[in-house]
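Q: This is the structure I have questions about; it appears just below.
The values are calculated or read from the model by the stated rules, or taken from the named source; none is laboratory data. Quantities reported herein were computed from a predicted structural model and do not represent experimental measurements. Note: ideal-geometry Cβ built from the backbone for every residue, glycine included; neighbour counts use all protein chains shown. Areas reflect the complete protein model, heavy atoms only, side chains present, ligands, DNA and RNA absent. Shrake-Rupley method; radii C 1.70, N 1.55, O 1.52, S 1.80 Å.
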Amino acid sequence: IKTIRTENGTEFLQDVCDSFFKQFGISHQRSVAGTPQQNGRVERKNRHLVETTRALKIHANLPDSFGDPDIAATYIINRLPSSVLEWKSPFESLHGFKPDLSHLKTIGCLCYALSLKPRHDKFATKGRRCILLGYPTGQKAYRLYDLDNHTVFVSRDVHFEEEIFPFRQHDFPKQ
């Protein structure tokens, strides 16, 4: 890195950052406040992320209280081929091999996570009704929202119903 351009965020105006940049010979440029055109590439990438997140939220009709679609959008974008990278994904450029996409499921769909807690009633349900929110960092699992307990948790053992979206009123399954 020869040059880094930032907005005038206070996190970049600290002595720690200045000494780091000087140590490695990095030129620190600051854009003028209120001029996003000076950060064209970053602003375009941010717009791509916002538009992808908006599409995920609208498709699943997720409430605004679920902030996870932006993390899921980033995860998905990083696995999509890009013309800028000669039709490789950012993941492939970083790791040197194509990402496995077989685990990707439709964000916001209904799913059932296997409950691993011991049950006293052998006829009780084995699964928890959930919504897929995304993919946790550094784990081979899914971030899920439990529709009955209103909690977010991570599980690996999940069955997906990718055609049903519980937050769309007409798709909510009958109990």
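Q: Set the Förster distance to 41 Å, then compute FRET efficiency between residue 35 and residue 100 from the Cβ-Cβ distance, nearest 0.05.
A: 0.50
Q: Further, regarding this structure: Run lengths n ≥ 4 of DSSP H only: what is the helix-derived mean residue ellipticity at 222 nm for the chain, with -39500 (n - 2.57) per run over all residues, to the nearest 500? Spell out each step's value before the answer.
A: On the way: 4 runs with 45 residues, N = 175.
For the chain, the value works out to -8000 deg cm²/dmol.
Q: Output the relative contact order of the chain, whole-number percent, from Cα pairs under 8 angstrom with separation of 6+ residues. It would help to have the intermediate numbers written out before the result.
A: Working: 238 pairs, mean separation 27.2, N = 175.
Dividing the mean separation by the residue count of the chain yields 16 percent.
Q: FRET efficiency for residue 152 and residue 126, Cβ-Cβ distance as r, R0 = 25 Å, nearest 0.05? Mind showing how you got there, number by number?
A: Working: r = 20 Å, r/R0 = 0.81.
After rounding, the FRET efficiency stands at 0.80.
Q: Further question: Are any of the pairs 45/98; 105/140; 57/140 more than 20 Å apart by Cα-Cα distance, and if so, which?
A: Where the Cα-Cα span goes over 20 Å, the pairs concerned are 45/98; 57/140.
Q: Between residue 43 and residue 80, how many nm apart are label points set 7 Å from Cα along the C-beta direction?
A: Taking the two extended label points, one gets 2.1 nm.
Q: Over the chain, with every protein chain in place, what whole percent of the accessible area is carbon and sulfur at 1.4 Å, could you tell me? Before the final figure, lay out each step's value.
A: Details: 6720 of 12300 Å².
With neighbouring chains kept in place, the figure for the chain is 55 percent.
Q: Mind running the shape call on the chain? Use the C-alpha gyration tensor, a ≥ b ≥ c as the square roots of the eigenvalues: rounded below 1.5 for a/c, prolate if a/b tops b/c, oblate otherwise. Let's see the in-between values first.
A: Numbers: a/c = 2.28, a/b = 2.20, b/c = 1.04.
Cα axes put the chain in the prolate bin.
Q: What spacing in nm lies between the two simple spin-label points modelled at residue 2 and residue 18, each 7 Å away from Cα in the Cβ direction?
A: The modelled label-to-label distance comes out at 2.5 nm.
Q: Output the relative contact order of the stretch 63-146, whole-number percent, from Cα pairs under 8 angstrom with separation of 6+ residues. Show your work: numbers first, answer last.
A: On the way: 94 pairs, mean separation 19.6, N = 84.
Once normalised by length, the contact order is 23 percent.
Q: Calculate, for the chain, the solvent-accessible area per residue in square angstrom, rolling a 1.4 angstrom probe over the heavy atoms of the protein chains.
A: Computed with neighbouring chains in place, this is 70 Å² per residue.
Q: Taking the Cα centre of the chain as origin, work out the dipole magnitude from +1 charges on Lys and Arg Cβ and -1 charges on Asp and Glu Cβ, in debye rounded to 20. Could you put the intermediate results ahead of the total?
A: Values: 25 positive and 20 negative charges, 60 e Å.
Rounded to the nearest 20 debye, it is 280 debye.
Q: Sticking with this structure for a sec: So which lysines can residue 22 reach, going by Cα to Cα under 24 Å and dropping same-chain residues fewer than 8 places off?
A: The reachable lysines, counting only those whose Cα sits under 24 Å from residue 22, are 2.
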